[in-house]
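Structure record follows, encoded as structure tokens.
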Amino acid sequence: MAPGVKHPPKLKAAVMAALMQGHSHRATAKRLGLPIGTVKAWSAEAKATAQPVEPVIKAQIGPLILEHLQEGLLTLKAHAQKLRNPAKLKDLPLTDLVEINLRYHETVYKLAEALAGGMDAPAEDALEPIEYVPVKP
């Protein structure tokens, strides 16, 4: 959209959701076709107007976050086991194998990068959910 044109509220909501999931400004802008400045401005605006999370709510959310991370790691482990088992691999199309392998290695690299940078500086898209979606021929 041209400068000065109002963006749809759903687009702004999609940007906020991506940022809250841990995606970087750059990746979010690229994925949604927006200038990075727009994404950064919306992020800064949201941070300036954000209300602190009540301690009780924070205590309730913490275990959910840990559970989500645990499920993601278990999914990664299942993918890795599948890639090491020739009997399970023989029935999968090559495109599916490539997709599983790429997602696994990409996620492991991004998680390692995020851990190296600390929790305050997550790697670009390190927290992206991992989902196996079969590729249809």
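Of all residues in the stretch 81-94, which are part of a helix (DSSP H, G or I) and surrounded by 12 or more Cβ atoms within 10 Å (Cβ to Cβ)? Those that are part of a helix (DSSP H, G or I) and surrounded by 12 or more Cβ atoms within 10 Å (Cβ to Cβ): LYS82, LEU83, LEU89. Scanning the stretch 62-86 for residues that are aliphatic (A, V, I, L, M), modelled with pLDDT of 80 or more and over 24 Å from SER24 (Cβ atoms) turns up LEU74, ALA78.
I want to confirm something. Restricting to the stretch 16-48 and keeping residues that are of a type in the set (S, T, N, Q) and under 25 Å from LEU69 (Cα atoms), which single residue is surrounded by the fewest Cβ atoms within 10 Å (Cβ to Cβ)? Step through it out loud before you land on a result.
Let us first name the residues in the stretch 16-48 that are of a type in the set (S, T, N, Q), namely 21, 24, 28, 38, 43.
Narrowing further to those that are under 25 Å from LEU69 (Cα atoms): 21, 24, 28, 43.
Values: GLN21: 13, SER24: 18, THR28: 25, SER43: 16.
Residue satisfying both the conditions and the ranking: GLN21.
For the stretch 69-79, check the following and say yes or no: at least one residue is in a helix (DSSP H, G or I), free of Cβ contacts under 8 Å to residues at least 12 places away in the same chain and closer than 28 Å to LYS10 by Cα. Checked against the condition, which is being in a helix (DSSP H, G or I), free of Cβ contacts under 8 Å to residues at least 12 places away in the same chain and closer than 28 Å to LYS10 by Cα, the stretch 69-79 yields at least one hit.
Can you pull out the residues in the stretch 6-25 that are in a loop (DSSP other than H, G, I, E, B) and under 22 Å from LYS110 (Cα atoms)?
Going through the stretch 6-25, the residues in a loop (DSSP other than H, G, I, E, B) turn out to be 6-8, 21-24.
Once the filter is applied, which keeps residues that are in a loop (DSSP other than H, G, I, E, B) and under 22 Å from LYS110 (Cα atoms), the stretch 6-25 yields GLN21, GLY22, HIS23, SER24.
Among the candidates THR28, THR38, the residue that is of a type in the set (Ser, Thr, Tyr), in a helix (DSSP H, G or I) and farther than 25 Å from GLU113 by Cα is uniquely THR38. Among the candidates VAL53, VAL135, the residue that is modelled with pLDDT under 75, outside any helix (DSSP H, G or I) and over 25 Å from HIS25 (Cβ atoms) is uniquely VAL135.
Kindly evaluate ALA59 against the criterion of being surrounded by 10 or more Cβ atoms within 10 Å (Cβ to Cβ) and under 16 Å from ALA13 (Cα atoms). Judged against the criteria, ALA59 is not a match.
The values are calculated or read from the model by the stated rules, or taken from the named source; none is laboratory data. Quantities reported herein were computed from a predicted structural model and do not represent experimental measurements. When we count neighbours, we look across all protein chains shown, and the Cβ atoms used for this are built from the backbone with ideal geometry, even at glycine.
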